[in-house]
2 protein chains.
Amino acid sequence: MTAVLVIEDDDRIRLALLLALEEEGYTAYGAASAEEGLRRQRQDPADNVLVDLMLPGLDGFDCIRQLRRDDDVPIVVVSARDDTHDIVAALEAGADDYLVKPVAIKELSARLRALRRRGRAVVTSTAVQVFGDLEISADAGEVRRAGRPVAVTRTEFRLLCELAQHAGKVLSRQQLLQRVWGYDTGDERLVDVHVGRLRQKIEEDPGNPRYLVTLRGLGYKLQR
Amino acid sequence: MTAVLVIEDDDRIRLALLLALEEEGYTAYGAASAEEGLRRQRQDPADNVLVDLMLPGLDGFDCIRQLRRDDDVPIVVVSARDDTHDIVAALEAGADDYLVKPVAIKELSARLRALRRRGRAVVTSTAVQVFGDLEISADAGEVRRAGRPVAVTRTEFRLLCELAQHAGKVLSRQQLLQRVWGYDTGDERLVDVHVGRLRQKIEEDPGNPRYLVTLRGLGYKLQR
DNA sequence: GGTGGTATGACAGTTGTGTGACAAATCCGC
DNA sequence: GCGGATTTGTCACACAACTGTCATACCACC
């Protein structure tokens with residue numbers, strides 16, 4: 001799952017972008033100022049960042065420079081101004097792409113894809129997550145235990161990824177239902193069943209799990 | 001010194017671009033057709049390639065795909081059309097950036113700099129990719145299994161190249177439709193059929209593929 | 001020992017994938 | 001241009017894999 005951070009002060013535009021990105025299959029979250037955006041990116045780095053140039057306080061160019069200083073996440077500028085000078089300045093500041101508002105969401109999506117294909121996100125995002133002798137590769141759609149590939153189904157894979165993404169933290173059945181299945185409501189037993197099946201595949205001793213542990217009354221977590 | 005190849009059929013525009021690029025400190029040379037451009041790039045690779053979309057004979061999109069197949073040079077599209085669909089298609093075909101004519105030379109220069117800064121030297125730009133006893137020669141447009149040439153059709157070859165380019169990574173049917181066929185929408189079963197045909201040709205046991213594997217619910221990938 | 005929460009096996013309905021047949025489109029030698 | 005060969009895309013069907021539900025057994029904690 002690719003996470004995108006949208007830094008944009010106009011609430012309406014930010015929300016619209018977030019919705020559209022979600023629709024395209026991204027995990028998207030927003031920040032209303034450069035300061036907030038930088039803080040969020042430091043705490044929980046996204047795979048791509050969208051930045052508006054006109055921001056209150058710290059402006060977009062400074063925001064780009066700071067983001068670029070911290071890591072090399074692909075940065076896409078979204079601006080109302082199509083002045084050549086702005087475009088050049090943004091690219092010089094460290095942006096990777098520049099889009100003029102109003103943004104066609106398909107184009108944005110394609111540009112994010114193109115950026116990722118260039119090999120940037122491979123470095124920054126989830127290449128392979130490792131838990132002891134358990135490896136999860138989101139790109140390859142593959143799980144390995146002790147070096148051996150383990151065949152998991154799509155749902156199991158999603159579940160595992162979701163747990164891995166919040167490694168060490170408990171996720172309630174409700175949260176898992178929401179994030180893996182997209183159900184706002186539903187039978188929580190469903191989660192149990194899939195957790196059980198996943199254990200059969202990834203645990204040495206499914207009855208006494210080492211990775212995918214139950215927290216009675218709380219939910220499940222993937223042990224680091 | 002950075003060398004730039006300009007593929008553009010209009011003599012006046014090509015000359016103007018070449019002059020402007022020289023002025024900016026680049027070494028620039030031109031080609032009046034996709035075929036000529038591809039030949040020159042193969043003989044004496046430039047550091048960046050500028051491509052016009054409307055070309056006689058082989059068009060810009062095909063030109064981009066071929067360039068991308070051969071190596072990993074940054075490609076900038078320069079086109080008179082600012083249609084979103086064209087932009088998306090060009091990026092999907094493998095372009096790294098897109099500029100609408102008339103081009104502001106300063107912007108072009110900045111974009112070339114930005115592209116270079118991104119550090120492209122990531123992907124294996126080997127002409128021949130090897131997977132076990134399977135060889136894919138992009139240059140020669142040739143596929144071999146256990147040393148023996150395998151006759152694949154153009155579509156099959158493109159599909160195989162696309163998968164090889166992202167070796168080990170899952171590509172969804174949607175992604176393959178877009179990248180191999182250029183369809184933004186369409187019947188995903190089309191991919192299945194061609195994957196099936198490709199398997200008949202490159203796999204020892206098509207029913208139990210070693211290279212071109214299915215990831216149920218996710219897509220296909222070419223196993224390393 | 002009782003109670004609420006959790007694990008697990010079986011089952012039927014659903015979905016996803018492989019494949020052969022066929023017609024349209026394209027290529028190619030003449 | 002022309003006609004045959006090849007390639008391409010569509011469709012339908014069969015089969016295998018997966019999903020969600022349920023019932024039952026199990027366990028931890030009070």
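Bear in mind these aren't lab numbers, they're just calculated from the coordinates by the rules spelled out. Remember, predicted model here, so these are calculated numbers, not experimental data. Glycine gets a Cβ as well: all are built from the backbone with ideal geometry, and neighbour counts include every protein chain shown.
Under the simplified labelling scheme, the A:ASP184-B:THR185 pair shows an inter-label distance of 2.6 nm, with each label point 7 Å from Cα along Cα→Cβ. Modelled spin-label separation between B:ARG42 and A:ARG12, with each label point placed 7 Å from Cα along the Cα-to-Cβ direction: 5.4 nm.
Each part gets one Cα centre, and for the stretch B:143-183 versus the stretch A:45-82 those centres are 36 Å apart. Using a 7 Å projection from Cα along Cα-to-Cβ, the label point at B:ARG154 is separated from the same position in the remaining copies by 3.2 nm, smallest value first. Take A:VAL193, push a point 7 Å out from Cα through the beta-carbon direction, and compare it with the same point in every other copy: 3.6 nm, smallest first.
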